[in-house]
Amino acid sequence: MAYQKILTIQDISCVGQCSLTVALPILSACGMETCILPSAVLSTHTSGFTGFTVRDLTDDIPGICAHWIKENIKFSTIYTGYLGSTKQIAMVQEIFDALLTEKGAKIIDPAMADNGKLYTAFDMEYVEAMKGLCGSADILLPNITEACFLTDTPYQEIYDRAYIDGLLEKMVTAGAKTVILTGVSYTEGKTGVVVYENGIYSYYEHRKLAKNCHGTGDVYASAFVGAYLNGKTAFEAAKIAANYTVQCIENTQDDPDHWYGVKFETALSTLIKNFE
Ligand code: PXL
């Protein structure tokens with residue numbers, strides 16, 4: 001494994017096991033120097049908690065980046081997740097241009113929607129801006145809801161292979177090089193991920209657990225990035241991240257008090273065995 005300095009841009013939800021509090025430990029465990037750019041600080045995530053506080057850090061970003069440019073700091077991968085404002089999306093594009101090494105990878109999790117709906121903080125202006133950013137992705141990691149928003153496709157709970165393949169094709173036509181579409185279920189009791197790369201669709205199917213947990217998109221994307229940077233192909237990394245996420249849900253689902261996230265820490269030792 002080549003040690004790399006990477007940057008991840010997403011929010012800090014102080015409580016709730018998502019975004020940076022998931023990405024930083026997972027990527028560190030995967031052996032990467034992980035620098036962070038917090039997009040916002042929230043007391044908790046926004047799915048299920050009420051009365052949370054939010055501090056949008058958009059206005060801090062230009063100064064932070066100017067300092068990094070002055071220090072000649074560069075990153076070999078930039079991985080983005082939940083952003084704090086529409087204005088930040090244009091800033092992220094500038095960060096890609098200024099702070100990535102020459103062959104550096106842009107990995108984008110659009111992190112804006114699930115179960116057919118946008119997260120409460122976002123609107124269609126955000127979606128429009130996110131479409132532009134996702135068109136520049138080397139690797140794009142949406143769920144089906146996000147893929148629908150990115151491609152102006154009506155969301156369907158029941159779908160077939162043609163519907164899924166159509167979503168993937170539209171995202172690639174819009175510019176994304178490789179797309180990993182999560183939460184694709186063709187058979188009862190099973191779910192999986194489709195990897196679309198160089199015109200080829202590959203599907204990894206696995207068990208679907210009864211419980212739909214918060215934060216699993218972030219756990220999945222972080223484990224994917226960690227595996228990919230350890231030299232795995234996109235398909236191998238998609239599979240490793242899926243197995244890890246299933247184990248995290250399994251380790252959480254019997255604890256009714258733990259409704260807000262998954263106990264991703266309990267499965268880290270299994271995740272990193274993939275890289276020995
Ligand atoms: O897991 C996605 C996510 C990240 N960050 C914040 C969120 C959510 C999902 O709701 O609210 C603040």
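The values are calculated or read from the model by the stated rules, or taken from the named source; none is laboratory data. Predicted, not measured: the structure shown is a model, and the values here were computed from it. Glycine gets a Cβ as well: all are built from the backbone with ideal geometry, and neighbour counts include every protein chain shown. Quick note on the areas: whole protein, heavy atoms, side chains included, nothing else; ligands and nucleic acids left out. Shrake-Rupley method; radii C 1.70, N 1.55, O 1.52, S 1.80 Å.
Numerical summary
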{"item": "Two-site FRET efficiency, residue 115 against residue 163, from Cβ-Cβ distance with R₀ of 22 Å, rounded to 0.05", "result": "0.85"}
{"item": "Label-point separation, residue 5 to residue 59 (7 Å along Cα→Cβ), nm", "result": "3.0 nm"}
{"item": "Estimated FRET transfer efficiency (residue 202, residue 67; beta-carbon r; R0 51 Å; 0.05)", "result": "0.80"}
{"item": "GNM flexibility winner over the chain from 154, 38, 25 (Cα, springs under 10 Å)", "result": "154"}
{"item": "Simple spin-label estimate for residue 97 and residue 156 in nanometres, 7 Å along Cα-Cβ", "result": "3.9 nm"}
{"item": "Residues of the chain: accessible area per residue with a 1.4 Å probe, Å²", "result": "45 Å²"}
{"item": "Qualifying lysines (Cα of each under 21 Å from Cα of residue 263; at least 8 residues distant if same chain)", "result": "208, 211, 239, 273"}
{"item": "Percent carbon-and-sulfur accessible area, the chain, ignoring ligands, DNA and RNA, probe 1.4 Å", "result": "52 percent"}
{"item": "Reach of residue 70 by Cα under 28 Å, taken over lysines that are not fewer than 8 positions away in the same chain", "result": "5, 87, 103, 106"}
{"item": "Alpha-carbon Rg/Rh ratio, for the chain, with Rh computed the Kirkwood way", "result": "0.93"}
{"item": "Per-pair calculated FRET efficiency, R0 = 22 Å: residue 36 and residue 187 via Cβ, rounded to 0.05", "result": "0.05"}
